[in-house]
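Single-structure report; data block below.
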Amino acid sequence: MQNPKKSTERNIIPLICVAIPVLILDWGTKWLVQNYITQATEVIPIIPGFFNLRHDRNTGAAFGVLAGHRVLLILITIVALVFIFSYYLRFRESRWMQVSLGFLLGGAIGNFIDRLYLGEVVDFLQFGIVSRRIFWPTFNVADVAVCIGAGMLIVYLFRIRNQDQEA
């Protein structure tokens with residue numbers, strides 16, 4: 001019989017191996033943006049007419065929702081972190097969930113650190129159709145990680161639901 005403590009320790013490795021690189025990449029890219037792109041005035045075209053780097057600040061959540069409500073967003077992030085760890089405990093045997101929750105954890109902590117220390121989140125990835133002045137809201141690596149993790153979580157939960165219905 002396997003020691004449950006050893007199993008938990010072994011199963012947390014994928015979660016950490018995803019969350020830490022996400023945090024490092026998020027922090028590193030935000031540091032570069034803050035130090036090398038003038039805030040909101042400089043746009044660096046990567047794929048001209050479609051993808052730019054641009055230094056923006058967001059006091060809200062996705063799409064600027066709850067802008068200016070820093071304390072509420074910090075509390076929501078704490079609740080999300082509790083959710084992530086409770087799901088980890090419930091689904092720790094699934095490698096898919098370990099990776100999914102690693103993306104969610106890394107992304108949530110990345111933006112959480114910004115909110116705590118800067119009072120806002122540094123965003124810099126901008127996609128759109130420049131000639132039409134149509135842009136998707138600017139975002140960052142942490143946002144991408146949260147989207148990947150949430151997508152993986154949804155896929156997993158639908159798979160479980162379908163398996164339960166077939167049984």
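What follows is calculated from the coordinates using simple rules that are stated; it is not laboratory data. Here the structure is a predicted model, which is why all the values come from computation and not from measurement. Heads up, the Cβs are rebuilt from the backbone with ideal geometry, glycines too, and the neighbour counts pull from every protein chain shown.
Ranked by how many other Cβ atoms sit within 10 Å of their own Cβ, fewest first, the residues 42, 93, 166, 120 fall in the order 166, 93, 42, 120.
With K and R counted +1 and D and E -1, the other residues having a Cβ less than 14 Å from that of residue 36 yield a net charge of +1. Would you mind classifying the chain by shape? Square roots of the alpha carbon gyration tensor eigenvalues, ordered a ≥ b ≥ c; an a/c under 1.5 is rounded, otherwise it is prolate if a/b is larger than b/c and oblate if not. Prolate shape, in that a/c is at least 1.5 and a/b is the bigger ratio.
Under 8 Å for C-alpha pairs, at least 6 residues apart: give me the relative contact order for region 13-166, rounded to a whole percent.
On the way: 228 pairs, mean separation 47.5, N = 154.
Over region 13-166, the number comes to 31 percent.
Label separation (residue 155 vs residue 72): 3.3 nm, computed from points 7 Å beyond Cα along the C-beta direction. Taking K and R as +1 and D and E as -1, what net charge do the other residues with C-beta under 10 Å from the C-beta of residue 59 add up to? For residues surrounding residue 59, the net value is +2.
Highest mean packing comes first when the peptides 150-162, 54-66 are listed by Cβ atoms within 10 Å, giving 54-66, 150-162.
Looking at the square roots a ≥ b ≥ c of the eigenvalues of the Cα gyration tensor of region 93-167, which shape do they give, rounded for a/c under 1.5, prolate if a/b is larger than b/c, or oblate? It would help to have the intermediate numbers written out before the result.
Values: a/c = 3.96, a/b = 1.64, b/c = 2.42.
Verdict is oblate for region 93-167.
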